[in-house]
There are 2 protein chains.
Amino acid sequence: MTAEPAPVRQPRADHARRIADILRHQVHTGSFDDALPSEAELAAEFDASRNTVRNALTLLKEEGLIDRAPKLGTRVATRKLDHGLDTLLGLQETFSDRGTVRNEVRVAMRVGAPTAVARRLDLAPGEQVVYIERLRYLADLPLSLDLTYLAPDIGTALLDHDLEHTDIFVLIEQLAGQRLGHAELTLEAVSADAHTASILEVPASAALLMLERLTRLEDGRPVDLEYIRMRGDRITMRGSLARATPEWKVL
Amino acid sequence: MTAEPAPVRQPRADHARRIADILRHQVHTGSFDDALPSEAELAAEFDASRNTVRNALTLLKEEGLIDRAPKLGTRVATRKLDHGLDTLLGLQETFSDRGTVRNEVRVAMRVGAPTAVARRLDLAPGEQVVYIERLRYLADLPLSLDLTYLAPDIGTALLDHDLEHTDIFVLIEQLAGQRLGHAELTLEAVSADAHTASILEVPASAALLMLERLTRLEDGRPVDLEYIRMRGDRITMRGSLARATPEWKVL
């Protein structure tokens, strides 16, 4: 590698991906009110051929981010919702300015805790936990399917409350009389199986964000274990990271 | 909703998903050395029928997490790699105990910055930036395809260095003579387009984790804008969250 490398010829598909990524971020952050610039403008902006620009727009159209029509040009189809990776918030808390979250409660019952669940909630294997399954909507479109295991004391009390319109985080804090503390989480991209796809109203194999999260009370007790599948076409996780470990995470 | 809800009958597919999610996490965290428990053991553990357990195992097999064979039983096929959501680390820094990361440098050149890139890197539109495209391997399997735009001073110096074996984060800190500070990022789940799928050696439409990240030096200057596609079947993002905003993030 030299200080003045010769420009490498890029196949058109590589260049289209590069353009699509930049446009994707601009769509997410609201850089375009509604209409995207014309193909000619984009070609000039990205120093690319019209064909390459068209390929980039096709990629974004396939993701459902933009619509294209011969006379109307290119328009933003959906703007994804930003969910926070910086602080622990429920869906309704997060989207309070975007509308009302409605939870369709599919299951709410006591079950014997499988060993792996018991271990994470600091319970004895087989001890009763409360299991709640919710399909969560914003603006009448499914956002996520949430499978939740709750510690028995808090879970049982929680069954008396309005699960359809209230975040479980908010209810836990009311019932426990203390704030939530920290959560440990993993995030993955998975393809929707056929059954899940039909529940979330997405095509089979659509990309989902899978969040697994164990949430603790301020005093450190684990009370809430969740498996959450979010529609990839509706949710973006947004956060920040520091190069050094921040002090509160060293604890 | 009453304090003693009648158990709701769950269709088998719902129950299978519940079991699959718990097993998925156990596979990730190494709860099973290699072999999973037998169908009969799992049926007892999850209070489910053998058919439901089989459906759960089929879901995990379709995700590529486990293998199943008539005589051999069920075995862990791949354990995903954990990438950190708590601190800002390069791939090689993250996986130093898992092997050597090799970067196939597909492109390394100066380009005029598209307006959106220039704005994020605090440059004038059209100003030259350095663009680097890398396909990153661990243990001879592709992990991610990274598209990187670098500030001109650091980017130009960086072209003289060993991009094939060194994380860009490490090179930036050497060249800038200061540590990296914070990064702002978004994470999405997207389906692989056909061209990207062939580069990452995954089936078309496979789920990918798409990371967009702007990284700043300790003094606050943005120097590194990346668009990273990670194979969903190989990477899990792992982190922790606090209910209250930690002090360093309020800044």
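The values are calculated or read from the model by the stated rules, or taken from the named source; none is laboratory data. Computed from a predicted model, the values in this text were never measured in an experiment. Virtual Cβ from ideal backbone geometry, glycine too; neighbours counted across all protein chains shown.
Points worth noting:
- Residue list for segment B:37-49, restricted to those being part of a loop (DSSP other than H, G, I, E, B) and within 12 Å of another protein chain (Cβ to nearest Cβ): B:Pro37, B:Phe46, B:Asp47, B:Ala48
- Qualifying residue in segment A:178-187 (condition: under 24 Å from B:Thr236 (Cβ atoms), more than 26 Å from the chain's Cα centre (by Cα) and buried (at least 19 other Cβ atoms within 10 Å of the Cβ)): no
- Residues of segment A:114-124 classified as more than 7 Å from every other protein chain (Cβ to nearest Cβ) and under 25 Å from A:Ile199 (Cα atoms), total: 0
- Residue under evaluation A:Asp97, criteria (1) crowded, with 18+ Cβ neighbours inside 10 Å; (2) part of a loop (DSSP other than H, G, I, E, B), criterion not met: (1)
- If you check A:Asp67, A:Asp21 for being acidic (Asp, Glu), closer than 26 Å to A:Gly239 by Cβ, modelled with pLDDT of 85 or more and in contact with a strand residue (DSSP E or B) (Cβ under 7 Å, 6 or more places away or on another chain), only one passes: A:Asp21.
- Any hit, segment A:151-162, residues being assigned to a loop (DSSP other than H, G, I, E, B), of a type outside the set (D, E, K, R) and either in contact with a His (Cβ under 8 Å, 6 or more places away or on another chain) or under 30 Å from B:Leu60 (Cα atoms) (or both): yes
- Scanning segment B:61-89 for residues that are of a type outside the set (A, V, I, L, M), closer than 17 Å to B:Arg136 by Cα and surrounded by 18 or more Cβ atoms within 10 Å (Cβ to Cβ) returns B:Lys80, B:His83.
- Residue selected from segment A:64-85 under the condition assigned to a loop (DSSP other than H, G, I, E, B) and either farther than 24 Å from A:Ile22 by Cβ or touching a Phe, Trp or Tyr at 6+ places or on another chain (Cβ under 7 Å) (or both), by the criterion nearest to the other protein chains (Cβ to nearest Cβ): A:Pro70
- Within segment B:182-217, tally of residues that are more than 20 Å from B:Val117 (Cα to Cα) and at the interface with chain A (Cβ under 8 Å from one of its Cβ atoms): 11
- Residues that are of a type in the set (Ser, Thr, Tyr) and more than 10 Å from chain A (Cβ to nearest Cβ), drawn from segment B:86-113: B:Thr94, B:Ser96, B:Thr100
- Of the residues making up segment B:50-63, just one is free of Cβ contacts under 8 Å to residues at least 40 places away in the same chain, within 19 Å of A:Val117 (Cα to Cα) and either in a loop (DSSP other than H, G, I, E, B) or under 24 Å from the mean Cα position of the chain (by Cα) (or both), namely B:Leu57.
- Residue, farthest from the other protein chains (Cβ to nearest Cβ), within segment B:16-35, restricted to residues that are within 18 Å of the chain's Cα centre (by Cα) and either over 16 Å from B:Arg79 (Cβ atoms) or in a helix (DSSP H, G or I) (or both): B:Val27
- Looking only at segment A:145-179, residues that are in contact with a helix residue (DSSP H, G or I) (Cβ under 8 Å, 6 or more places away or on another chain), hydrophobic (A, V, I, L, M, F, W, C), within 8 Å of another protein chain (Cβ to nearest Cβ) and farther than 15 Å from A:Leu91 by Cα come to 0 in all.
- Flag if A:Leu59 is at negative phi and within 11 Å of another protein chain (Cβ to nearest Cβ): yes
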